[in-house]
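The values are calculated or read from the model by the stated rules, or taken from the named source; none is laboratory data. Predicted model, so just to flag it, every value in this text is computed and none were measured. Counting neighbours? That spans all protein chains shown, and the Cβs are built from the backbone with ideal geometry, glycine included. The area values use the complete protein model at the heavy-atom level, side chains included, leaving out ligands, DNA and RNA. Shrake-Rupley method; radii C 1.70, N 1.55, O 1.52, S 1.80 Å.
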Amino acid sequence: MSATMDTESTYSGYSHYSGHSKKAHRQGRDRHKSPRSKDGSRSEKSVTIQTPPAEPLLGNDASRAEEGQDDNWGETTTAITGTSEHSISQEDIARISKDLEDSVGLDCKRYLGLTVAAVLGLLVFLTPIAFILLPQILWRDDLEPCGTVCEGLFISVAFKLLILLIGTWALFFRQPKADLPRVFVFRALLLVLIFLFVFSYWLFYGVRILDSKDTNYQGIVQYAVSLVDALLFIHYLAIVLLELRQLQPMFTVKVVRSTDGESRYYSLGHLSIQRAALVVLENYYRDFTVYNPALLTASKSRAAKHMAGLKVYNVDGPGNNASGQSRAMIAAAARRRDSSHNELYYEEADHERRVRKRRARLVVAVEEAFTHIKRLQAEEQQKAPGEMMDPREAAQAIFPSMARALQKYLRTTRQQQYHSMESILQHLSFCITNNMTPKAFLERYLNPGPTLQYDRERWFSKQWTLVSEEAVTSGLQDGVVFVLKCLDFSLVVNVKKIPFIKLSEEFIDPKSHKFVLRLQSETSV
């Protein structure tokens, strides 16, 4: 009962906090609305349309300087939440409409390729059956009897078509993972090869069998069997070109994120540039930590503060000695840069101290909260049915005791925009359900995880742009560099070929391992 009362009081506090946030948001929005300049100029900014996070745990004011935060920020500060206002120019509207047209074009291209492949696959599977049935329909009475041989060939064709159908479904009919800018060359070549192959078979069948009304039905059935055998060999060729060829590592790629310099190395086989870019993006979402722009604001604000403190006065009047002013600015910036490393050192040391302190408080609070939960056994559940709670209710009961420490830690480490209160409660109930320890619960928050760990709406970029000097359908080569761009950052990929390694063998006779003991006067044995 006491846990329930604590939960209700905490949620009432959250509603009170939300009301203050909305009022502050309206005041801040009215305050930041500035009249337009007299010349009617309008600011041109990139516009990002995003869904605001549902029920955020913290204020999303990550750009505020951390020095202004104290230990009692939850009681003394007001967080302003909501979306910011941006002016939209005609160029922005044109760019948005162009993006919509490009997306429609990509969808049409995808469905067109699927339609062509489906029609061609249907033609391939119906052709052997048509070869066998057309003579029976058109000139059945003139055909020579075939008997047991044809029946055995019928069974062979049926099982081969079944094997070909299963193999085609496993190789080709898979959900696409991405929309590539160009066609897959090997897949297109295989489709053209299959079309030419089936067309040549139909041409020979029409000229030599349909026109002459061949009466040798056994030869017609064997002709259909040869078509199915050839299709099986083409399917084997498709497996080699599409799946096996790229398995052997031939290149090493270095992927660097442009904003913070985080890098990873991957080994790739014979792939085109666009398919290598797809592999890099798949590994990026799994291996790279989530991109947090709030961590980059400290260095930018520090540099802006240094430059804002520089003032140059011209005593000779305006328009004179412009080069002298530039040199004075550079000299003053150099002198301030000589002392800025001390400021950076103490700033980082103070930040690490605060992170360690709040981390220790969070660990203690979570461990104490988990001590209030006990899993009931089957016989205990029958004794006290009124005191039982499901995992969600248990998570809501213990969450208030750790909420303040978790808020402070996430705000200090600038992770508040990636964790809403609902996501934390879901993770807490998941840990309680699976008997996980407090350390397992804190792992998500103490160590920034890979990008896939967080909600899709907070990190997923729907469109990437591939920038390359080489054609994206060409294969990887040594020294090739291409860039993957999204809205906030880019990934720079540098390709290096794995060198040829030459190994030599040297045989050592096991009997040659003989030793002698050299004794000296100082040696104690």
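Have a look at ALA178, ALA170 and point out the one that is assigned by the TED database to the domain that holds LEU232, outside any helix (DSSP H, G or I), open to solvent by 40 Å² or more (accessible area, probe 1.4 Å) and closer than 30 Å to VAL472 by Cβ.
ALA178
Quick check, is LEU241 modelled with pLDDT of 90 or more and closer than 30 Å to LYS496 by Cα?
yes
Test GLN407 against the stated conditions and say whether it is closer than 27 Å to THR437 by Cβ, of a type outside the set (Gly, Ala, Ser) and either surrounded by 12 or more Cβ atoms within 10 Å (Cβ to Cβ) or at pLDDT below 75 (or both).
yes
Considering only the stretch 464-472, I want to know if a residue exists there that is at pLDDT 85 or above, part of a loop (DSSP other than H, G, I, E, B) and of a type in the set (D, E, K, R).
Within the stretch 464-472 (the criterion being at pLDDT 85 or above, part of a loop (DSSP other than H, G, I, E, B) and of a type in the set (D, E, K, R)), the answer is yes, since at least one residue qualifies.
Among the candidates SER200, SER212, SER226, single out the residue that is loosely packed, with under 15 Cβ neighbours inside 10 Å, free of Cβ contacts under 8 Å to residues at least 40 places away in the same chain and outside any helix (DSSP H, G or I).
SER212
Which residues, counting only those in the stretch 493-516, are farther than 30 Å from SER258 by Cβ, of a type in the set (S, T, N, Q) and either surrounded by 10 or more Cβ atoms within 10 Å (Cβ to Cβ) or at pLDDT 90 or above (or both)?
SER504
Within the stretch 111-161, how many residues turn out to be open to solvent by less than 90 Å² (accessible area, probe 1.4 Å) and under 30 Å from LYS177 (Cβ atoms)?
Residues in the stretch 111-161 being open to solvent by less than 90 Å² (accessible area, probe 1.4 Å) and under 30 Å from LYS177 (Cβ atoms): 11 in total.
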